[in-house]
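A short write-up of the structure that comes next.
Just so you know, all these numbers are worked out from the coordinates, no wet-lab data involved. Keep in mind it's a predicted model, so treat the numbers as computed, not measured. Methodologically, a virtual Cβ is constructed for each residue, glycine included, from the backbone with ideal geometry; neighbour enumeration extends over all protein chains shown.
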Amino acid sequence: MRAEIEVSVVLPNYNCLPTLPRAINSIRAQEVDVEIIVVDDGSTDGSVEWLLDQPDITLLHSERAGASRARNLGIEQCSHELIAFLDADDYWLDNKLAQQLEIHRHCPDVVCSFTDYMHTTEAGKQIIGCFDYWPRFRKQLNDGPVTVFPNLTPQLFAENVIGTSTVIVKKQTLLAVGGFDPTLKSASDWDLWLKVAKLGSVGVVNLSLCHYITDRSGAISRDQYKRLAAMKCILDRHQSSLRVFPSALLFGYLRWVTGKAEYNRILKEYRYSIFQELLVLCFQPEMRRFKAVGRDVLNVLSFK
């Protein structure tokens, strides 16, 4: 027999009918009862009609306001103190919510918790786990499945390790920091988690309990440009609170430089990407940086 409802789930949707049922079913499969709030952002693909046939879903409408405003609308309507987020093209694995709720039960001061997740293609091919991609963060985790960080802000500024579809956070905390910033064209989730982490301890489940779809459709170069602009805005916005953590400041801005190198690579501006990768390489002598520089050099030589 399931326990009484403990958590609300907010799911924004825009024309995600092919993956929406999978996401919803992964919520229903959890070992706790939930309140499911879907905020449809003006879908035209039949999503609304499908959602209207689901008796256990509260359906809200935001009319092409964007994911941040859609999530904020959902937050306002949540009936429960703990709120989880899931994107319509991601999905949870079994017992995801139950394992996180144990953290909140045993550590009531925790304002937020999240889990590891697996990057996958739309076809289901696994690529890499989030925590494996950020090995310096992984080294900060306990040997057991749960780690509680009294102050996660430095690590989070340096490495954006939180996937929105893995988060459970207190509603009062979300309201206190103003929710997602809709003025940011990208990375508003990272900005929010930085604000949340400043208000209390954060729990981490070192298990991959969510599949995150990486090859979503869209204009890659355009989205990357928006993300870089948003990253720089967020770094500048939060850098004053990180002055006592100079290494976190450095690594945060180096991540932005890495993003610029990736963007120039998309544009085939390999001379710029070589310079940017070499700059990062001076402070982060990682094999993937060496490989990136090597590929860029080969690309430059191939154009001669």
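Once the Cα atoms of helix 246-266 and of the chain are each reduced to a long axis, what angle between those two axes, in degrees from 0 to 90 to the nearest 10, is obtained? For helix 246-266, the angle is close to 80 degrees.
Paramagnetic label reach from Val257 (point 7 Å along Cα→Cβ; backbone nitrogen cut-off under 16 Å): within segment 120-161, residues 158-159.
Taking amide H atoms as placed 1.01 Å from N in the peptide plane, the amide H of Ser201 lies under 5 Å from those of Val111, each 5 or more residues away in sequence or on another chain.
Net charge dipole, the chain: roughly 1740 debye, given to the nearest 20, about the Cα centre with Cβ charges of +1 for Lys and Arg and -1 for Asp and Glu. For Phe85, the amide hydrogen comes within under 5 Å of the amide hydrogens of Val10, Val167, counting only partners 5 or more places away or on other chains and with H modelled in the peptide plane.
On full extension, the segment bounded by Arg243 and Glu31 gains 72.1 nm, given 0.36 nm per residue less the C-alpha separation.
Mean sequence separation of contacting Cα pairs (under 8 Å, at least six apart), scaled by the length of the chain, corresponds to a relative contact order of 17 percent. What angle, in degrees between 0 and 90 and rounded to the nearest 10, separates the Cα long axis of helix 96-106 from the longest principal axis of the Cα atoms of the chain? In the chain, helix 96-106 runs at an angle near 80 degrees to the longest axis. Within the shell defined by Cβ-Cβ distances under 13 Å, the residues around Thr183 carry a net charge of +2, with Lys and Arg each +1 and Asp and Glu each -1.
Here is the link list: Lys139/Lys291; Lys96/Lys260; Lys226/Lys268; Lys125/Lys198. Which ones come out longer than 27 Å on Cα distance? Checking Cα-Cα distances, Lys96/Lys260; Lys125/Lys198 exceed 27 Å.
Mean residue ellipticity at 222 nm, helices only, the chain: -13500 deg cm²/dmol; runs of at least 4 DSSP H residues each add -39,500 (n - 2.57), and the sum is divided by the number of residues.
Round to the nearest 0.05 the FRET efficiency obtained for Arg271 and Ile127 when R0 = 30 Å and r is the Cβ-Cβ distance.
Efficiency, rounded to the nearest 0.05: 0.55.
Using Cβ point charges alone (K and R +1, D and E -1), the dipole size of segment 220-302 about the Cα centre works out to roughly 160 debye. Each Lys or Arg adds one and each Asp or Glu subtracts one; over the other residues with Cβ under 13 Å from the Cβ of Glu102, this totals 0.
A cut-off under 11 angstrom between Cβ atoms defines the neighbours of Arg136, and their net charge, with Lys, Arg +1 and Asp, Glu -1, is 0.
The modelled label-to-label distance between His61 and Arg138, using points 7 Å beyond Cα along the C-beta direction, is 4.6 nm. For Phe275, Phe283, Phe149, the sequence from fewest to most other C-beta atoms within 10 Å is Phe283, Phe275, Phe149. Each residue, Thr214 and Lys291, gets one label point 7 Å from its Cα in the Cβ direction; the gap between the two is 1.1 nm. Sorting 65-78, 242-255 by average packing, meaning the other beta carbons within 10 Å per residue, from highest down gives 65-78, 242-255.
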